[in-house]
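One structure is given here, and the rest of the page talks about it.
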Amino acid sequence: MKMKNKLVMAGIFLLALGMGGCVTREQQSASKTVETEALLDKLIRLPEKGFMFGHQDDPVYGIRWDGDENRSDVKSVCGDYPAVMAFDLGRIERGGEKNLDDVLFERIRAEIIAHYNRGGVCSLSWHVDNPVTGEASWDVSDSTAVASVLPGGENHGKFLGWLDRVADFMNSLVTKEGVKIPVIFRPWHEHTGSWFWWGQNLCSAEEYKSLWKMTYDYLQEKGVNHLLYAYSPGSEPDNVNEYLERYPGDGMVDLFGFDTYQFEREKYVDTMEKSLTILTEVGRLHNKPVAVTETGYEAIPDSTWWTETLFPIVDKYPVSYVLVWRNAREKEAHYYAPYPGQISALDFVEFYKHPKTIFVSDLK
């Protein structure tokens with residue numbers, strides 16, 4: 001196990017500065033549990049020590065395995081779980097037992113509780129189906145979907161029923177002692193692209209903000225007071241104003257992030273630098289933590305990608321965590337974390353050993 005300084009869970013008080021729509025931390029924390037506020041403080045303080053490493057669907061499947069207990073490709077490589085584990089709620093709106101990646105919601109619940117008990121952090125996204133067509137979230141054949149779920153829209157009632165199912169799941173994330181587990185919730189992500197029905201060309205800025213506000217307000221009404229909301233566009237914005245074009249306001253957002261992936265190294269480095277520069281400024285102006293909420297290099301064909309590409313970029317910015325995408329068991333070569341024997345596995349161990357990379361054992 002690495003010898004690193006233990007993270008301090010002390011609370012801090014910061015006043016939000018800068019751009020309009022800001023609220024004080026006191027106002028925001030009034031609607032959060034003590035544990036959720038403590039997680040927010042941790043995320044703000046983390047860059048003093050380093051950044052957490054995260055992995056989507058880490059403990060539920062991986063390369064050549066599915067559903068095993070106490071297993072993780074990351075853990076198999078470095079001996080430790082990621083500090084952040086993320087899962088998706090897609091298809092919960094349908095009332096089924098499994099999400100869009102064929103994982104039982106009961107299993108996701110159990111893994112979130114287990115990871116919280118070991119000191120880790122969990123995040124949830126929601127690839128919600130298109131309410132107009134009934135197809136997947138990537139179906140952009142109808143540009144009225146967002147308008148249809150807003151108050152007065154033909155699918156408003158149906159959508160509130162979908163939110164009821166989200167609320168029920170969130171409220172079920174409770175320890176055996178009765179503590180609600182704080183979770184980073186990342187709804188309506190990558191909205192600066194147009195590949196989801198809530199994307200840039202599928203709704204107006206005001207419609208997007210209304211969708212976010214409706215989601216936030218309804219979950220609050222249902223007693224869901226243990227979420228940190230992450231505003232997570234893609235890497236399309238070229239400046240602070242573009243990044244904040246559809247921002248719903250400080251009272252409904254706790255963390256700033258962005259999603260981007262490597263296809264060509266030079267372009268990836270340039271995109272990461274640009275987006276992290278914007279993110280740092282936005283975080284400073286609004287006194288909120290920042291994160292790389294999705295990234296990675298599919299199949300990681302570069303044997304030194306972890307120490308020579310990802311780490312040198314992220315290390316320059318006050319990032320609380322970096323999360324890579326899932327290791328699919330049903331798609332060949334669709335993985336973003338190493339597994340034993342993978343070409344970048346040895347380099348990942350060096351990445352793990354660095355004092356500034358934080359895995360779950362460093363959070364105890």
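Since every read-out is calculated from the coordinates, none of them should be taken as a lab result. The shown structure was predicted, so the numbers you read here are calculated from the model rather than taken from an experiment. Note: ideal-geometry Cβ built from the backbone for every residue, glycine included; neighbour counts use all protein chains shown.
See the values below:
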{"item": "Neighbour-count ranking [beta-carbon atoms within 10 angstrom, fewest first] of D238, D347", "result": "D238, D347"}
{"item": "Spacing of the two label points (7 Å from each Cα toward its C-beta) at R94 and D302, in nm", "result": "3.7"}
{"item": "Taking the C-alpha atoms of the chain, convex hull volume expressed per residue in Å³", "result": "129"}
{"item": "Rounded D (µm²/s) - region 230-276, Kirkwood Rh over Cα pairs, Stokes-Einstein at 4 °C, 1.567 mPa s", "result": "113"}
{"item": "Contour excess over end-to-end distance, with Cα ends at L285 and E245 and 0.36 nm allotted per residue", "result": "12.9 nm"}
{"item": "Ranked list, fewest to most other Cβ atoms within 10 Å of each Cβ, for E236, E154", "result": "E154, E236"}
{"item": "Under the span-like rule (Cα at least 30 Å along the axis, Kyte-Doolittle mean at least -1.0), DSSP H helices of the chain", "result": "265-286"}
{"item": "DSSP bridge pairs, the chain: antiparallel proportion in percent, nearest 5", "result": "15"}
{"item": "Gaussian network model of the chain, Cα within-10 Å springs - most flexible of G67, G90, G193", "result": "G67"}
{"item": "Cα gyration tensor, region 27-119 - rounded (a/c under 1.5), prolate or oblate", "result": "oblate"}
{"item": "Those residues of region 90-125 whose amide nitrogen sits under 11 Å from the label point placed on E177, 7 Å along Cα→Cβ", "result": "117"}
{"item": "H156, H115 arranged by Cβ crowding within 10 Å, fewest neighbours leading", "result": "H156, H115"}
{"item": "Structure-based [θ]222 nm, the chain - -39500 (n - 2.57) summed over DSSP H runs of at least 4, per residue, nearest 500", "result": "-9000 deg cm²/dmol"}
{"item": "Segment Y261-D315, length gained on full extension (0.36 nm per residue, minus Cα span)", "result": "17.7 nm"}
{"item": "Gain in span if fully extended, V269 to E106, counting 0.36 nm per residue against the direct Cα distance", "result": "54.8 nm"}
{"item": "Positive minus negative residues near K209 (Lys, Arg vs Asp, Glu; Cβ under 14 Å)", "result": "-3"}
{"item": "Inter-site label distance for V34 and S361 at 7 Å from Cα along Cβ, in nm", "result": "3.1"}
{"item": "Approximate shape of region 256-364 as ellipsoid semi-axes (Cα gyration tensor, √5λ), whole Å, largest first", "result": "24, 16, 13"}
